[in-house]
Every structure is written in structure tokens, then in C-alpha cells.
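The structure appears below as C-alpha cells.
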Amino acid sequence: MGSTTATVTFAKTLRLTTFPIPLMVEGDKKGIFIDLTNEIAKRNNIKIAIDVIPTGKSLLAFSSGRADGFFPGLDVYMPRKTSRTLAFYQKADFVFYKKGKVLSKISDLEGKKVGLTFRYPYAKELMDNKKIRFEFAEDDIANMRKLGQGLIEAFVVEERSGLKALELSGVRDVGYQAGKPLSVQEVYYAFQDSEEGRKYADIFSKTLTKMKNDGHFEKIMFNRQSEPSP
């Protein structure tokens with residue numbers, strides 16, 4: 001499964017940067033996106049170094065050229081041209097709410113106090129709505145606890161991260177409309193807009209396709225058992 005071309009062409013260490021995301025990036029060696037990235041590198045004999053740092057610093061490292069690639073890439077994060085792979089995930093944000101108050105659309109949130117997490121990418125349609133009162137918290141667990149305490153009326157978060165935060169927060173009587181996302185954004189690997197960056201994007205895209213065909217992609221992304229964060 002290895003690629004001789006990748007080994008010869010890319011002898012250097014590929015530097016990637018990302019940021020902490022519950023379940024997805026729980027350190028430089030743990031998380032669903034980390035496992036996926038390591039498998040892609042392994043299949044192509046690419047040496048990689050993954051820096052997990054706060055979102056702003058991670059984006060700065062990539063935009064300044066100190067990192068070769070950034071993930072998870074989303075269009076809302078990428079203000080300039082990049083070499084991107086095919087989408088490997090969809091960031092589907094849902095509205096979590098106290099049971100008894102069903103909320104699932106952006107219009108449902110108008111006039112309400114809605115929790116968001118600092119440095120997370122949200123759909124432009126949500127953020128541009130001036131009728132919604134946003135409150136930010138440091139992490140998903142804090143937001144879930146605020147929801148449970150009635151300090152906010154809704155919490156917008158990616159589905160799996162939200163369910164993880166719900167589990168770890170111990171909050172009860174909170175629900176969401178499964179299958180009815182508030183917004184959906186494509187997620188991909190972003191590399192520098194250069195000849196080398198385009199080659200990396202091509203290799204990652206082709207490997208993702210192969211992994212989807214042989215079933216390993218689904219094994220990593222959807223069959224991994226959830227574990228509490230350390």
C-alpha cells in the first residue's frame with residue numbers, strides 16, 4: 001500500500017498543525033482525525049509531525065508557512081488559496097436544547113441566548129444573524145453545563161463532540177434533533193498553495209479514496225469506541 005513516489009519525493013518530515021477537538025483531536029497521538037492522518041502517512045511512508053496547538057496559533061502556523069498542512073480545513077477558516085484534498089468529513093452542527101423546547105433551525109434561535117465555543121468554525125449564516133444573542137465558553141463541556149443550568153437556551157455544536165460533552169458533563173434532560181443539522185460544512189486537509197502542497201493534497205486524496213474502498217476509512221471514522229478524554 002505504500003507509495004515509492006511519495007518516499008522519494010518527500011524525504012522530509014511533513015509538518016501538520018491542528019487544534020484540540022473532543023474525540024477528534026485529543027492530543028498528537030490520540031483522536032479520530034489523528035488516527036486517520038497517521039494511517040494516510042503510514043500507507044505512503046511519509047514521516048509526519050503533528051502540532052496540536054490552540055486554533056488561532058494553528059492557523060497562523062499554516063498561513064505563515066511554518067506548517068505544511070492544516071486540518072480539519074474548512075472554507076470558513078481558509079481566507080486565502082490553498083491546495084485542498086477531497087472532503088473526508090462533514091462538520092454537521094446541531095442545536096442542543098433542554099428537553100421540551102425543540103430547536104433545529106437558525107430561525108428557531110432568534111431572540112435566544114445561544115452558546116458557542118471559542119475558536120470553533122461556525123457557518124456564516126449562523127454568525128451573521130443579528131437576532132441571535134451569542135455567548136462563548138472555553139469548551140464544549142462548559143457550554144453543556146451552562147445549558148443544563150439554564151444560563152443559555154441552546155448550544156450549537158458538532159454532533160459527535162456535543163454527545164461527548166453531554167456524556168462528560170453529566171447534564172441530563174438535554175436533547176437534539178438527530179438527522180436535522182443546523183448547518184453542514186465540508187472538512188478536508190489543506191496544504192500550501194505550491195507544487196509540493198498540490199502533490200501532498202493529491203496523495204492524501206488518493207489515499208482517502210483507497211481507504212474508503214477497502215473499508216479502513218469507515219473503521220477509523222465510525223467504528224472507533226468513544227473514550228473519555230484524559
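The values are calculated or read from the model by the stated rules, or taken from the named source; none is laboratory data. As the structure is a prediction and not an experimental result, all values here were calculated from the model. Here the Cβ positions follow ideal geometry from the backbone for every residue, glycine too, while neighbour counts run over all protein chains shown. Note: accessible area is taken over every heavy atom of the protein model, side chains too, but ligands, DNA and RNA are not part of it. Shrake-Rupley method; radii C 1.70, N 1.55, O 1.52, S 1.80 Å.
Right, ILE152: among the β-branched types (Val, Ile, Thr) and assigned to a helix (DSSP H, G or I) or not? For ILE152, the condition - among the β-branched types (Val, Ile, Thr) and assigned to a helix (DSSP H, G or I) - is not met.
Name the single residue, out of those in the stretch 182-220 being part of a helix (DSSP H, G or I) and either on the phi > 0 side of the Ramachandran plot or β-branched (Val, Ile, Thr) (or both), that is most open to solvent (accessible area, probe 1.4 Å).
THR209
Matching residues to (1) within 30 Å of GLN149 (Cβ to Cβ); (2) open to solvent by less than 50 Å² (accessible area, probe 1.4 Å); (3) modelled with pLDDT of 95 or more; (4) aliphatic (A, V, I, L, M):
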| residue | (1), (2), (3), (4) |
| --- | --- |
| ASP28 | no, no, no, no |
| ASN44 | no, yes, yes, no |
| GLY56 | yes, yes, no, no |
| PHE70 | no, yes, yes, no |
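So which strands (runs of 3 or more DSSP E) are wholly in the stretch 12-108 and hold at least 2 residues that are under 24 Å from GLY179 (Cβ atoms) and touching a residue at least 12 places away in the same chain (Cβ under 8 Å)?
Working: elements: 14-18, 48-52, 69-73, 89-98.
The strands (runs of 3 or more DSSP E) meeting that bar are 89-98.
Checking each residue in the stretch 109-140 for being more than 19 Å from LEU151 (Cα to Cα), open to solvent by 10 Å² or more (accessible area, probe 1.4 Å) and not in a loop (DSSP other than H, G, I, E, B) picks out LYS124, GLU125, MET127. Among the residues here, ARG160 qualifies as modelled with pLDDT under 95 and either assigned to a helix (DSSP H, G or I) or not acidic (Asp, Glu) (or both).
Test of understanding: among LYS81, LYS91, which residue is open to solvent by 50 Å² or more (accessible area, probe 1.4 Å) and out of contact with any helix residue (DSSP H, G or I) (no Cβ under 7 Å at 6 or more places or on another chain)? Walk me through it before giving the result.
Values: LYS91 fails: open to solvent by 50 Å² or more (accessible area, probe 1.4 Å).
Checking each option against the conditions leaves just LYS81.
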